[in-house]
Amino acid sequence: MGIIKSIGILTSGGDAPGMNAAIRAVTRSAIYNGLKVFGIYRGYKGLVTDEIVEFKSQNVSNIIQMGGTILKTARCKEFTTPEGRAQAFENMKKHGIDALVVIGGDGSLTGARIFAQEYDIPCIGLPGTIDNDLYGTDTTIGYDTALNTILDAVDKIRDTATSHERLFFVEVMGRDAGFLALNGAIAAGAEAAIIPEFSTEVDQLEAFIKQGFRKSKSSSIVLVAESELTGGAMHYAERVKNEYPQYDVRVTILGHLQRGGRPTAHDRIIASRMGVASIQALLEGQRNVMIGIENNKIVYVPFTKAIKNDKPIDKELVSVLHELSI
Ligand code: ADP
């Protein structure tokens, strides 16, 4: 492998708060270490269509506090084809880009892995997703902010739920991973969480109903991970309405507001650490790894591990929620 003199950076797939802090960290750390930096707009799309601009330190001034991503993000079908990736490689050569830093989720890192193998390009991934569903890292960029957004919303819902003695199903993001629903439920003091990892979702509702919604309670809040398979919160609300007409049931779907907002201190700090680590990794000769943080230490996780393995839910968290919801 030749010496890396120039890197490209892109954000891809679902946006997450803290991506800007990561862009800033990667850019500044690269410049600090004497590398040239190119911002690639709209994820892999910009790599294919040549929306590539050289970044100086000032390009990333005043963005650490902003949600979203200044580089924009997109989903790009062309990049999933060999022809699209060939075009992307041509554009990299044209600008003299030797390596890529990709900030995104599961899909984006899959794309990076395939591209890196095909063209022998060093690629480093940063886990940018609110779902926290990448293996090998305790947390992902955007997860903490989304969790706090959920708390804000559920705290408000609880005020009205208590006043009217209602049962609320609150749908949160995470169709393949229940981290937001489970930890959101613990932190918000909700009564239950319905998550994709455990048994069937119907069983989880059944268990909650068998507890009698805790009859001593005047209101209940259940967090539900979104699911195309079951129909999510709407589905459970309908079921309860039909089978237990005595309950006054309501649904709130938090939707895209979970993706927005100023990143929390935690997300800004991990994005900054991971961004710096991505340049360090490239300079050390690492390639095709995702930067993770485990037990508060930076780790390198091979793409194949990060993408292919399911990140397990800690059963202790399930017990905590269960015990505290009496
Ligand atoms: P996320 O990164 O949030 O999981 P997506 O799954 O939508 O988001 O993936 C983002 C982009 O990554 C896709 O639009 C595509 O360009 C690229 N990508 C995903 N899977 C592949 C693949 N198997 N081969 C090549 N590129 C891929």
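Return one number: the angle in degrees, 0 to 90 and rounded to the nearest 10, between the long axis of the Cα atoms of helix 19-32 and the longest principal axis of the Cα atoms of the chain.
30
Skipping prolines and chain starts, which residues have an amide H placed within reach, meaning under 5 Å, of the one on Val224, given they are 5 or more residues away or on another chain?
Val170, Glu171, Val172, Ile194
GNM on the chain, C-alpha springs below 10 Å: top fluctuator among Gly184, Gly34, Gly232?
The residue that fluctuates most here is Gly34.
Tell me, what is the 1.4 Å probe accessible area of Glu284, in Å² to the nearest 10?
In the full protein context, Glu284 sits at about 110 Å².
Return the whole-Å distance between the Cα centroid of segment 276-326 and the Cα centroid of segment 74-152.
16
Under a crude label model (7 Å from the Cα following the beta-carbon direction), how far is Lys305 from Ile326 in nanometres?
Calculated label separation equals 4.1 nm.
Taking amide H positions as placed 1.01 Å from N in the peptide plane, with prolines and chain starts having none, which residues 5 or more places from Val37, or on another chain, fall under 5 Å of its amide H?
The answer is Ile7, Phe55.
Rounded to the nearest 500, what is the chain's calculated 222 nm mean residue ellipticity when only DSSP H runs of at least 4 contribute -39500 (n - 2.57) each, over all residues?
-13000 deg cm²/dmol
At 7 Å along the Cα-to-beta-carbon direction for both Glu54 and His256, put a label point, then send me their distance in nm to one decimal.
3.6
Assuming a ≥ b ≥ c are the square roots of the Cα gyration tensor eigenvalues, decide whether the chain counts as rounded (a/c under 1.5), prolate (otherwise, with a/b larger than b/c) or oblate.
Working: a/c = 2.46, a/b = 2.28, b/c = 1.08.
Prolate shape, in that a/c is at least 1.5 and a/b is the bigger ratio.
Give me the 1.4 Å probe accessible area per residue for segment 145-260, excluding ligands and nucleic acids, in Å².
Ligands and nucleic acids excluded, the result is 45 Å² per residue.
Counting only residues 5 or more places away or on other chains, whose amide H sits under 5 Å from the amide H of Gly14 once H atoms are built in the peptide plane?
Gly105
Determine the share of the chain's accessible area contributed by carbon and sulfur atoms, expressed in whole percent, with a 1.4 angstrom probe. Can you show the working numbers first?
Numbers: 7280 of 14310 Å².
Carbon and sulfur together cover 51 percent of it.
Mind grabbing the accessible area of Ile121 for me, 1.4 Å probe, Å², rounded to tens?
10
Rounded to the nearest 10 degrees, what's the angle between the helix 106-119 long axis and the longest principal axis of the chain, both from Cα atoms, 0 to 90?
20
Please name which of Ala187, Thr129, Ser220 has its Cα lying farthest along the dipole of the chain towards the positive end, using unit charges on Cβ (Lys, Arg +1; Asp, Glu -1) and the Cα centre as origin.
Thr129
So what is the relative contact order for the chain, in percent, with contacts set as C-alpha pairs under 8 Å and at least six apart?
23
Modelling each spin label as a point 7 Å along the Cα-to-Cβ direction, I'd like the Ser163/Ile114 distance in nm, to one decimal.
Distance between label points: 5.1 nm.
Using a Förster distance of 45 angstrom, determine the FRET efficiency expected from the C-beta separation of Glu83 and Asp203, and round it to 0.05.
So the FRET efficiency works out to roughly 0.45.
Would segment 145-260 count as rounded, prolate or oblate if I go by the C-alpha gyration tensor, calling it rounded below 1.5 in a/c and otherwise prolate when a/b exceeds b/c, oblate otherwise?
In terms of gyration-tensor shape, oblate.
Whole-Hz ³J(HN,Hα) for each residue in segment 306-312, computed from phi via Karplus 6.51 cos²θ - 1.76 cosθ + 1.60 with θ = phi - 60°, x for glycine and proline: what do you get?
4, 8, 7, 7, 7, 7, x
Once Lys and Arg get +1 and Asp and Glu get -1 on their Cβ, which of Thr49, His95, Leu167 lies farthest toward the positive end of the dipole of the chain?
Farthest towards the positive pole: His95.
For Lys305, what accessible surface area do you get with a 1.4 Å probe? Give it in Å², rounded to 10.
110
Pick from Val224, Val299, Val170: which is most flexible by mean-square fluctuation in a GNM of the chain where alpha carbon atoms under 10 Å apart are linked?
It is Val299.
Where does each of 138-148, 86-96 land if you order them by average Cβ count within 10 Å, highest first?
My ranking of the peptides, most packed first, is 138-148, 86-96.
Rounded, prolate or oblate: pick one for segment 1-96, where a ≥ b ≥ c are the square roots of the eigenvalues of its C-alpha gyration tensor, a/c under 1.5 means rounded, and failing that, prolate if a/b is larger than b/c, else oblate.
Cα axes put segment 1-96 in the oblate bin.
Please list, in order along segment 49-64, the HN-Hα scalar couplings obtained from phi with the Karplus expression 6.51 cos²θ - 1.76 cosθ + 1.60 (θ = phi - 60°), rounded to whole Hz, x for Gly and Pro.
Residue by residue, segment 49-64 yields 9, 6, 9, 10, 10, 5, 9, 9, 4, 5, 4, 10, 6, 6, 10, 4 Hz.
If contacts are Cα pairs under 8 angstrom and at least 6 residues apart, what is the relative contact order of segment 145-260 in percent?
Reported as a whole number, the value is 39 percent.
The values are calculated or read from the model by the stated rules, or taken from the named source; none is laboratory data. If you're wondering where the values come from, they're calculated on a predicted model, not measured in any experiment. Here Cβ is always computed from backbone atoms with ideal geometry, including for glycine, and neighbour counts include all displayed protein chains. To get the accessible areas, we keep the full protein, side chains included, count just its heavy atoms, and leave off ligands, DNA and RNA. Shrake-Rupley method; radii C 1.70, N 1.55, O 1.52, S 1.80 Å.
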